[in-house]
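The structure appears right after this line, and notes come after that.
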Amino acid sequence: MPILSHLAIIMDGNGRWAQARGLARSAGHRAGTLAAREIVRETRRLEIPNLTLYTFSRENWRRPPQEVTFLFELLREFLSQELPELERTGIRLRVLGELDGIPSPTRQVLQHALRRTAHGSAMTLALALNYSGRLEIVRACQQLAQQKAPITEASLAAHLCTADMPDPDLIIRTGGELRLSNFLLFQSAYSELYFTDTPWPEFTPEHLHRALEDFRRRQRRFGAAVEEA
Ligand code: IPE
Ligand code: IPE
Ligand code: MG
């Protein structure tokens with residue numbers, strides 16, 4: 001049994017990592033893709049069935065256009081490079097967020113990768129892309145209202161991007177900030193949170209193991225009383 005069924009990661013600190021080395025922010029994003037590749041491999045090796053990577057928030061459109069263009073170009077490159085391994089190792093790709101609005105060359109590669117990996121059964125790799133936690137809740141409510149369907153926790157959850165996925169057991173944020181930045185707001189109600197100063201480009205499988213060790217020691221009570229010894 002894997003120790004958790006859904007690991008979610010807020011990959012932060014690329015820009016500051018690069019700037020601290022006198023490099024352009026883009027160099028940090030590029031280094032971040034190498035970290036992402038290793039973490040995907042390690043998560044797959046650990047047989048954790050769901051991994052979500054926060055890749056681009058709706059708020060990230062506020063960045064300079066050159067940085068946004070670079071990020072989507074980098075994602076296109078990354079997906080093209082990784083697709084054979086994703087297919088070979090049974091990793092199913094999924095997107096949380098709105099595909100519309102993603103620049104078309106990247107969207108096309110994404111759609112191709114989604115189709116090619118659709119039958120992967122070893123692990124789901126969800127990329128939160130053009131994602132907003134608040135907006136997905138609003139959209140789910142709008143859909144339910146339009147269908148005149150009852151609004152319950154279960155019906156709402158079923159209309160989120162994560163429908164059919166378990167809630168994240170553990171959310172890791174690298175890069176030193178102590179916030180969720182609009183990530184999985186509904187789904188994180190009882191997630192364990194792990195914050196580390198390590199910037200994303202330096203986050204290795206060893207750091208992941210440390211976070212998982214920490215998670216193992218947590219006592220998840222979900223509101224219930226502590227069991228007496
Ligand atoms: C995370 O690193 C990557 C994205 C949000 C796309 P940042 O680019 O936010 O790096 P910092 O936080 O500025 O260091
Ligand atoms: C969160 O990082 C979004 C991603 C990692 C994709 P940000 O760098 O955008 O978050 P803030 O702006 O510091 O809250
Ligand atoms: Mg940041």
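The values are calculated or read from the model by the stated rules, or taken from the named source; none is laboratory data. Keep in mind the model is a prediction, meaning the values are calculated, not measured. Methodologically, a virtual Cβ is constructed for each residue, glycine included, from the backbone with ideal geometry; neighbour enumeration extends over all protein chains shown. Accessible surface areas use protein heavy atoms only, side chains included; no ligands, DNA or RNA. Shrake-Rupley method; radii C 1.70, N 1.55, O 1.52, S 1.80 Å.
I'd like the residue in the stretch 1-47 that is in a loop (DSSP other than H, G, I, E, B) and among the charged types (D, E, K, R) and, out of all such residues, is farthest from ligand 1 (Cβ to nearest atom).
My answer is GLU47.
If a residue must be closer than 20 Å to LEU34 by Cβ and open to solvent by 40 Å² or more (accessible area, probe 1.4 Å), how many such residues does the stretch 88-124 contain?
The qualifying residues number 1.
Go through the stretch 35-47 and give me each residue that's touching a helix residue (DSSP H, G or I) at 6+ places or on another chain (Cβ under 7 Å) and surrounded by fewer than 21 Cβ atoms within 10 Å (Cβ to Cβ).
Initially, the stretch 35-47 is screened for residues touching a helix residue (DSSP H, G or I) at 6+ places or on another chain (Cβ under 7 Å), giving 35, 37-39, 42.
Within the stretch 35-47, ARG37, GLU38, GLU42 meet the criteria.
Taking SER80, is it more than 16 Å from ligand 2 (Cβ to nearest atom), open to solvent by 40 Å² or more (accessible area, probe 1.4 Å), of a type in the set (Ser, Thr, Tyr) and assigned to a helix (DSSP H, G or I)?
Taking the combined requirement at face value, the residue satisfies it.
Is at least one residue of the stretch 48-58 in a helix (DSSP H, G or I), within 10 Å of ligand 1 (Cβ to nearest atom) and either open to solvent by 80 Å² or more (accessible area, probe 1.4 Å) or farther than 25 Å from GLY101 by Cα (or both)?
Within the stretch 48-58, not a single residue is in a helix (DSSP H, G or I), within 10 Å of ligand 1 (Cβ to nearest atom) and either open to solvent by 80 Å² or more (accessible area, probe 1.4 Å) or farther than 25 Å from GLY101 by Cα (or both).
Are there any helices (runs of 4 or more DSSP H) wholly within the stretch 115-229 with 1 or more residues that are within 16 Å of ligand 3 (Cβ to nearest atom) and touching a strand residue (DSSP E or B) at 6+ places or on another chain (Cβ under 7 Å), and if so which?
On the way: elements: 133-146, 153-158, 205-216.
By residue number, no helices (runs of 4 or more DSSP H) qualify.
In this structure, does GLN187 turn out to be touching a residue at least 12 places away in the same chain (Cβ under 8 Å) and surrounded by fewer than 16 Cβ atoms within 10 Å (Cβ to Cβ)? Step through it out loud before you land on a result.
Working: touching a residue at least 12 places away in the same chain (Cβ under 8 Å): yes; surrounded by fewer than 16 Cβ atoms within 10 Å (Cβ to Cβ): no.
Considered against the rule, which asks whether it is touching a residue at least 12 places away in the same chain (Cβ under 8 Å) and surrounded by fewer than 16 Cβ atoms within 10 Å (Cβ to Cβ), GLN187 comes out as no.
I'd like to verify a number: residues in the stretch 151-184 that are in contact (Cβ under 8 Å) with a residue 60 or more places away in the chain and within 16 Å of the chain's Cα centre (by Cα), how many?
Final tally of qualifying residues: 18.
Given the residues LEU86, LEU71, which is the only one that is more than 29 Å from ILE3 (Cα to Cα), in contact with a strand residue (DSSP E or B) (Cβ under 7 Å, 6 or more places away or on another chain), free of Cβ contacts under 8 Å to residues at least 60 places away in the same chain and not small (Gly, Ala, Ser)?
None of the others qualify; the one that does is LEU71.
Any residue in the stretch 1-19 that's closer than 24 Å to LEU46 by Cβ and away from ligand 3 (no atom under 12 Å from the Cβ): show its pairings with residues that are in a loop (DSSP other than H, G, I, E, B) and open to solvent by 40 Å² or more (accessible area, probe 1.4 Å) at Cβ separation under 7 Å, as long as the two are six or more apart or on different chains.
Within 7 Å, the pairs are PRO2/LEU46; PRO2/GLU47; PRO2/PRO49; SER5/PRO49; SER5/PRO166; HIS6/PRO166; HIS6/ASP167.
Can you find, within the stretch 190-219, the residue that is farthest from the chain's Cα centre (by Cα) among those that are among the basic types (Lys, Arg) and surrounded by 12 or more Cβ atoms within 10 Å (Cβ to Cβ)? Spell out the reasoning first.
In the first step, residues of the stretch 190-219 are kept if they are among the basic types (Lys, Arg); the result is 210, 216-218.
Filter again for surrounded by 12 or more Cβ atoms within 10 Å (Cβ to Cβ), leaving 210, 218.
Values: ARG210: 19, ARG218: 22 Å.
Per the stated criteria, the residue is ARG218.
Can you go through GLU136, GLU177 and tell me which one is charged (D, E, K, R) and either in contact with a helix residue (DSSP H, G or I) (Cβ under 6 Å, 6 or more places away or on another chain) or open to solvent by 30 Å² or more (accessible area, probe 1.4 Å) (or both)?
GLU177
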